[in-house]
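I have placed the structure first, in the form of structure tokens, so that the comments after it can refer back to it.
The values are calculated or read from the model by the stated rules, or taken from the named source; none is laboratory data. In this text the structure is predicted, and so the values were computed from the model without any measurement. Cβ sites come from the backbone with ideal geometry, for glycine too, and all protein chains shown count toward neighbours. These area figures cover heavy atoms from the full protein model, side chains too; ligands, DNA and RNA do not enter into them. Shrake-Rupley method; radii C 1.70, N 1.55, O 1.52, S 1.80 Å.
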Amino acid sequence: MAATSRGTTPVPPDVRPRLTVLSGPSGVGKSTVVAHMRKVHPEVWLSVSATTRKPRPGERHGIQYFFVSDDEFDKLVANGELLEWAEFAGNRYGTPRRAVCDRLEAGDPVLLEIDLQGARLVRESMPEAQLVFLAPPSWDELVRRLTGRGTEAPDVIERRLEAAKIELAAEAEFDTTLVNTSVEDVARELLALMEVA
């Protein structure tokens, strides 16, 4: 389904795109797949999460994440401004609610790239959302990807690997599983699921 133009009249509910949630273990390549997909189809709107994590080299505020303080995050939670939020590896991440709802109302295809905990919360608050699980080709490949990043301390990597075991066990909770053997193939399959022409 192609994105519709933004007029003053909301798009009728029967032609609105569904919210699509992409989740999977840390290191599986979610960000890489999404970046590739949006190069080809920039009309797919990717929600930018708020996080208390410090920026990694090259990350910019408002592009990869909205980097906020613990106090700012507390206010977002207290005011009900997050569609979902979760704590992961000692940091909190959340999806701003209003931006997602506004884009869906306008008829734009909307994608959330979030963790398992967040995906479960979206399923509770928006049961019509489509949940897609991105799986690694194998456990060994996931370990290689996580340790090969070189951006995190060994104890953080260990926590991510432990979390990955739990995340992999939750695959059955999702509507669809895509195996990340090829970024191009997975991006194409994801676009098809989102009905983006």
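Summary table below
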quantity: Paramagnetic reach from residue 179 (point 7 Å along Cα→Cβ, amide N under 14 Å) across the range 112-145; calculated: 134-142
quantity: Relative contact order of the chain, pairs being alpha-carbon contacts under 8 Å that are 6 or more residues apart, as %; calculated: 35
quantity: Accessible surface of the chain [probe 1.4 Å, protein heavy atoms]: carbon and sulfur percent; calculated: 53
quantity: Cα gyration tensor, the range 81-130 - rounded (a/c under 1.5), prolate or oblate; calculated: prolate
quantity: log₁₀ of I(q)/I(0) at q = 0.12, 0.16, 0.26 Å⁻¹ - the range 136-197, Debye sum with one point per alpha carbon; calculated: -0.40, -0.67, -1.12
quantity: Potential lengthening between residue 128 and residue 81 on full extension [0.36 nm per residue; Cα-Cα distance subtracted]; calculated: 14.9 nm
quantity: Per residue solvent-accessible surface (Å²) - the range 48-165, probe of 1.4 Å; calculated: 51
quantity: HN-Hα J in Hz across the range 88-95 - Karplus 6.51, -1.76, 1.60, θ = phi - 60°, x for Gly and Pro; calculated: 8, 6, x, 10, 9, 9, x, 9
quantity: Principal axis box of the range 105-164, alpha-carbon based, largest edge first, Å; calculated: 43, 21, 19
